[in-house]
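Q: The structure under discussion is supplied below as structure tokens; questions concerning it will follow.
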Amino acid sequence: MTRPIVAVVGRPNVGKSTLFNKIVGHRISIVQDRAGVTRDRLYADCEWCGNLFTLVDTGGLELKSDDVMFSFIREQVILALDTAEVIIFVVDYKTGLTAEDYEVASMLRRTKKPVIVAVNKVDHYTPEAICDYYSLGLGEIFGISAEAGTGVADMLDEVVKELKSHVHEDEYQDAIKIAVVGRPNAGKSSLVNKILGYDRTIVSDIAGTTRDAIDTPFTRDGKRYVIIDTAGMRRQRSVDDSVESFSVMRAMYAISRADVCLIVIDAEAGITEQDVRIAGYVHEEGKASVVVMNKWDIVEKDTYTINKFNDQLKQDLKFMDYFRSVYISARTGKRVDQVLTMVDEVHERATTKIKTGLLNDVIQDAISANEPPSKNGKRLKIFYCTQVDVQPPVFALFVNDKTVMHFSYKRYLENALRSAFSLEGTPIRFSLRDKSEEDYTV
């Protein structure tokens with residue numbers, strides 16, 4: 001990335017995520033008064049006084065803990081520090097300096113990078129209040145209240161002063177954004193790590209390990225991508241933890257801003273009602289998608305197994321019969337290389353722009369083969385067709401009376417366009433337009 005990275009680190013529950021959200025201006029990171037809530041790194045692009053940078057939130061550091069999850073967090077924080085140019089070290093004014101703060105400070109000094117100390121939860125700032133924090137042996141000290149926002153501006157002034165680079169063009173602005181979605185423990189993070197070639201996200205057998213939607217830019221064969229690993233999406237009645245419910249909402253947001261969605265399904269468990277529901281979310285958002293059947297290496301197979309799975313997918317996903325599928329093992333890497341190839345294909349189809357003349361030739365051939373329906377003695381007439389949008393492709397149909405259009409005939413025209421222009425992998429929409437009413441899309 002061309003934007004410099006600023007990492008926010010510190011012990012659990014000192015207010016790192018609250019500060020992150022205050023700087024970003026949106027509630028992106030999970031905030032709750034519980035240690036260990038932010039488990040993975042979280043990125044957001046920020047601007048301060050014309051200076052662009054990428055802010056990274058991290059999990060709470062417990063350097064001496066033997067807990068498996070905290071060991072994962074340590075690995076993630078170290079990776080964030082390796083890529084950062086400036087570090088914001090958050091400490092808690094109300095609890096005072098602790099032995100753990102000094103341990104973290106010692107680790108930060110070894111990075112040889114600029115460190116700014118943010119003494120959080122200072123309600124009434126005085127210079128004397130933060131004198132003790134110079135004993136950490138780090139950089140400038142700022143007394144702040146992340147929740148109220150006081151002192152944050154002065155701290156950011158120091159951040160941008162320390163940055164080695166300032167305004168840069170974001171080379172990933174036009175990258176293909178890929179959201180990886182699915183049920184908990186379907187192998188989403190394992191797939192992300194295999195695609196990236198290193199452990200970007202926490203992977204364990206504990207369902208729900210990934211709680212945040214995590215953006216990671218990368219380049220492959222000269223093409224730029226941003227891959228977004230998301231929390232597992234449980235059925236609504238199963239989401240009784242407020243932290244997890246935030247994660248599900250964030251996964252939905254990841255779908256809305258993605259160009260392509262990878263719908264990861266646990267092939268060993270089979271296609272479930274929740275898998276179908278998640279695919280429905282992707283379809284309703286109009287996103288190009290690839291159905292990734294993961295854990296294919298541990299499925300008992302015979303000659304007809306893949307045909308049975310394909311038939312089941314066609315039955316369960318008949319509302320999005322344009323879907324593309326691939327059978328992989330994220331654990332062994334088998335066929336994972338095909339995933340990005342399919343991402344490129346469905347993205348190209350979702351961004352396809354078809355010439356008006358070709359569109360009308362196909363529509364007229366379809367009308368000749370199967371006449372439009374009639375209603376109350378009035379037959380639908382289609383005068384003209386033109387493409388008005390992409391992602392998904394939207395086609396305006398100029399008709400005599402849009403109320404006469406029947407759902408089945410719309411599907412017939414949709415299939416005609418798919419067949420003629422190879423629009424598999426992406427939904428398409430029709431905008432019906434007549435002379436008397438406003439446009440609407442079906």
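A short reminder: the numbers here are calculations on the coordinates, not readings from a lab. This one's a predicted model, so the numbers in the text were calculated from it and none came from an experiment. Cβ sites come from the backbone with ideal geometry, for glycine too, and all protein chains shown count toward neighbours.
Q: What does the extension gain come out to for ASP221 and SER419, with contour length at 0.36 nm per residue minus their alpha carbon separation?
A: Additional length available on full extension: 68.3 nm.
Q: Anything over 25 Å Cα to Cα? Flag those among LYS121/LYS177; LYS308/LYS353; LYS177/LYS334; LYS188/LYS334; LYS188/LYS353, in the order listed.
A: Cα-Cα > 25 Å for LYS121/LYS177; LYS308/LYS353; LYS188/LYS353; rest within.
Q: Under a Cβ-Cβ cut-off of 11 Å, what is the net charge of the residues other than LEU138 that fall near it, where Lys and Arg count +1 and Asp and Glu count -1?
A: 0
Q: Count charges around ASN120 for me, please; just the other residues with Cβ under 9 Å from its Cβ, Lys/Arg as +1, Asp/Glu as -1.
A: +1
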